[in-house]
Every structure is written in C-alpha cells, then in structure tokens.
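Engineer: Structure incoming, see below.
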Amino acid sequence: MNFNKVNNITGWAVWLIATIVYVLTAEAGGSLWDCGEFVSSCFKLQIPHPPGAPLFVVLGRIFIVLFGDNPLTAAKAVNIMSALASSFTILFLFWTITHFARKIYQKTNSALTGEQLFTVMAAGAVGALAFTFSDSFWFSAVEGEVYAFSSFLTALVFWMMLKWEHIAEEPGADRWIVLLFYVIGLSIGIHLLNLLTIPAIVLIYYFRRYKTTPWGIFWAFVVG
C-alpha cells in the first residue's frame, strides 16, 4: 500500500475529528482573561498588550468580517479561528509522529508491510488524538487567545523541517528551510513560542548533513 496516500487520508480523518470537537465546543462568547482584550483588538484593528500580536489581530479581523462584522459575533468568530488553527496543529502533529514512526521500521527504501503501516498510522492517531483531548490544549483551542494559532505555526514549522529532512538530497529541497524561517518570522506577529523550534531545527540539519560526534552535537545545540 502507498504510504503517502494512507498517511494523508488518515491525517485528514484525524483533523476532521479534531475540527468537529473544537468547533462544537468553542466558547459562545469571550472567556474570562485576555480573550476579551484580543477580540476587541481584532474588532477595531488595535494593539493588544506588549509585545503585541499584529498578525493575530489581522487574521482575527478577517474571521470577524466573515461572521458578519458584528460586535455580538466577534468573540465567536475569533474562537472559531482558534478552533481551526488547533485542528491543523493536530494534523501536523499526526504527520510528525508518523514520520518518526516510519523511520523506526524503514531502515532502507523497502516498503512497509501492511502490519507495519497500520502500526505507524495507529501511533500517529493515538498520539494526535491524545493531544486533541488533553486539558491544556483543548482549553486554548476554543477561546480567542494567541496560543492556538502559535501552536499551529510551531507544529507547521517543525513538520516542514522534517519534510526537508526526508528529501534533503533532492534538488531544491532547501526551499523548505527558507519557507520555514519565513513562517517563523510571521509567527513572531502572534507569539514568541515558535523561536523554541530553532535549536531542534539546527540539530535536525546537523544530523542530516554532517557526520555526528559528541562535540558536534554539543556545538550544534549551542549554535541553535
């Protein structure tokens, strides 16, 4: 069976489950803490508390307009944006897990057996759905805060690095690295969490392109 086809279908199925759960359980209005501030900032295109979140505000404004540009539905619009960002986080988490699970079995270019393919997909589904229903992530997935969208961009950046790692020897593969650093730059307009991916990105690059030594690992981590 074709790994990529099964991986894509299963990943989107997990995404659909997460999307339905988060959309159905999204807050009807503003939550108690910073959410009211962020929703108000999105509605008026103004500035939330430092260091600010300009990209979040612009994206939130788009969703508010799609929901009728009504102050009575503004909070719900931003909450739905967080729900969708969170479900896409789950999608890229699934593909990250299956990437590593596949590497456990696939030491050469040989295809996975049906049993191995099922095990890899099951690992991705269990891991992604466990995170879907975890308390802290579900909590932020249904409210108008920056953490949901920040988590999405963090998951996207790490997945793009793994995408590069998988095709690193192919022509033009480094475009994925250019793209992921562009996304990191965009993510700063939402939250600084994405910067924490940089040490991992440098280590993946080191392991893929250089002969590994203890000191090499140490200096790659320091550089990261």
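The values are calculated or read from the model by the stated rules, or taken from the named source; none is laboratory data. No experiment lies behind these values; they were computed from the predicted model shown. Here the Cβ positions follow ideal geometry from the backbone for every residue, glycine too, while neighbour counts run over all protein chains shown. These area figures cover heavy atoms from the full protein model, side chains too; ligands, DNA and RNA do not enter into them. Shrake-Rupley method; radii C 1.70, N 1.55, O 1.52, S 1.80 Å.
Engineer: Limited to segment 198-224, what total is found for residues that are among the small types (Gly, Ala, Ser) and either open to solvent by 40 Å² or more (accessible area, probe 1.4 Å) or under 13 Å from Glu165 (Cβ atoms) (or both)?
Structural biologist: Residues in segment 198-224 being among the small types (Gly, Ala, Ser) and either open to solvent by 40 Å² or more (accessible area, probe 1.4 Å) or under 13 Å from Glu165 (Cβ atoms) (or both): 1 in total.
Engineer: For segment 190-205, indicate whether the set of residues that are polar (S, T, N, Q), out of contact with any Cys (no Cβ under 6 Å at 6 or more places or on another chain) and under 14 Å from Ala155 (Cα atoms) is non-empty.
Structural biologist: Quick first cut of segment 190-205, residues polar (S, T, N, Q) only: 194, 197.
If we keep only those that are out of contact with any Cys (no Cβ under 6 Å at 6 or more places or on another chain) as well, we get 194, 197.
Filter once more, keeping what is under 14 Å from Ala155 (Cα atoms): 194, 197.
Checked segment 190-205: at least one residue is polar (S, T, N, Q), out of contact with any Cys (no Cβ under 6 Å at 6 or more places or on another chain) and under 14 Å from Ala155 (Cα atoms).
Engineer: Of the conditions (1) within 21 Å of Ile188 (Cα to Cα); (2) out of contact with any Ser or Thr (no Cβ under 8 Å at 6 or more places or on another chain); (3) of a type in the set (A, V, I, L, M, F, W, C), Leu24 fails just one. Which one is it?
Structural biologist: Failed condition: (1).
Engineer: Same structure, new question: Taking Glu115, is it charged (D, E, K, R), in a loop (DSSP other than H, G, I, E, B) and open to solvent by 30 Å² or more (accessible area, probe 1.4 Å)?
Structural biologist: So Glu115 fails the test.
Engineer: Given the residues Leu153, Leu193, which is the only one that is under 27 Å from Gly224 (Cα atoms), of a type in the set (A, V, I, L, M) and at pLDDT 95 or above? Talk me through it step by step, then tell me what you get.
Structural biologist: Values: Leu193 fails: at pLDDT 95 or above.
Selected residue: Leu153, the only one of Leu153, Leu193 that is under 27 Å from Gly224 (Cα atoms), of a type in the set (A, V, I, L, M) and at pLDDT 95 or above.
Engineer: Same structure again: Take the residues in segment 20-30 that are open to solvent by 20 Å² or more (accessible area, probe 1.4 Å) and not acidic (Asp, Glu); name whichever of them is modelled with the lowest pLDDT.
Structural biologist: Filtering segment 20-30 for residues that are open to solvent by 20 Å² or more (accessible area, probe 1.4 Å) and not acidic (Asp, Glu), the one modelled with the lowest pLDDT comes out as Gly30.
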